[in-house]
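Asks: First, the structure itself, so that you have it in front of you.
The values are calculated or read from the model by the stated rules, or taken from the named source; none is laboratory data. Keep in mind it's a predicted model, so treat the numbers as computed, not measured. Neighbour counts run over all protein chains shown; Cβ positions are idealised from the backbone, glycine included. What goes into the accessible areas is simple: the full protein's heavy atoms, side chains included, and nothing from ligands, DNA or RNA. Shrake-Rupley method; radii C 1.70, N 1.55, O 1.52, S 1.80 Å.
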Amino acid sequence: MFVSEISFWGAVLVACLVLVASIALAFIDRQMLRRMLVIFGATVVQMAVVVAVVWLVYQTNAWWAYMLWFLLVLFLSICWVLYPVQSLWKKMLRPVSAAMLVGSIVVGGSAMLCLPISVFLTVYSVLMACMTASMIQTMVNYQRSLHSPGTHSSCKSWRESLLPQIRSMAQPMVMVMPMLYAGMLLGGVSPLLGLIVILLLIAASFVANVLAGVVALLMLRTRN
């Protein structure tokens, strides 16, 4: 069992390093330490919810369990996209939700068609993480473009918001896709078949990212 292979002293060392880092941060900036503890607590709660849903999915292996995972990842993605633009969350809630829903349908449907349902959880979550990072960049750029003195039209704001997303889309792909490819090879998939699947997922992710960005920005532009 994998748990038995975890070194006890290694885990103790990590815990000690965390404690030392917390003490050092407390001497430097206690307010920052409190923020870090809040973020750590939120991460623990999020992981507890994710683990509970994953356990439920694997135990039941039913369509409603996979739908529950789909909705959970979608909800978390929307929350993370809106987090950097908290001041405009009411204005961006509907556009971001619609954009992430459309993108997640493309990503989730592609993952289901290309891969067995048994690996849907991991692949869908990874592709949604890439789309979330791109959407965060898009929303932040859109917010900045509205306050930029050189921006005089909503059309220019739309272009300046979407183009950085397209340019930066490859960055998470470069880090994520090799890990997926390595996982396929470790699972016994042939290198050629794994490469074909990765290329299909990259194409689906590209479509989902662009479509999500266009939907969000068009809805924001219509409201303005």
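Asks: Can you list residues from other chains, or at least 5 along the same chain, whose modelled amide H is less than 5 Å from the amide H of residue 115?
Replies: The list, which skips near neighbours in sequence, is empty: none.
Asks: Label-point separation (nm) for residue 13 and residue 61, each offset 7 Å from Cα along Cα-to-Cβ?
Replies: Roughly 4.0 nm, to one decimal.
Asks: How much of the accessible area of region 41-100, in percent, comes from carbon and sulfur atoms when a 1.4 Å probe is used?
Replies: Carbon and sulfur together cover 74 percent of it.
Asks: Now, a different point. If we restrict to alpha carbons, what Rg and Dmax does region 31-136 come to, in Å?
Replies: My reading of the Cα-based Rg and Dmax gives 15.0, 48 Å.
Asks: Project the alpha carbons of region 1-83 onto their principal axes and report the range along each, largest first, in whole Å.
Replies: Sorted largest first, the three principal extents are 50, 39, 13 Å.
Asks: Let me ask something additional. Per residue, how many Å² of accessible area does region 9-66 show with a 1.4 Å probe?
Replies: 81 Å²
Asks: If the chain between residue 46 and residue 221 were fully stretched, how many nm would it gain, using 0.36 nm times the residue separation less the Cα-Cα distance?
Replies: So the chain would gain 59.7 nm between residue 46 and residue 221.
Asks: Multiplying the sequence separation of residue 105 and residue 203 by 0.36 nm and subtracting their Cα-Cα distance, what value in nm do you get?
Replies: My answer for the length gained is 33.9 nm.
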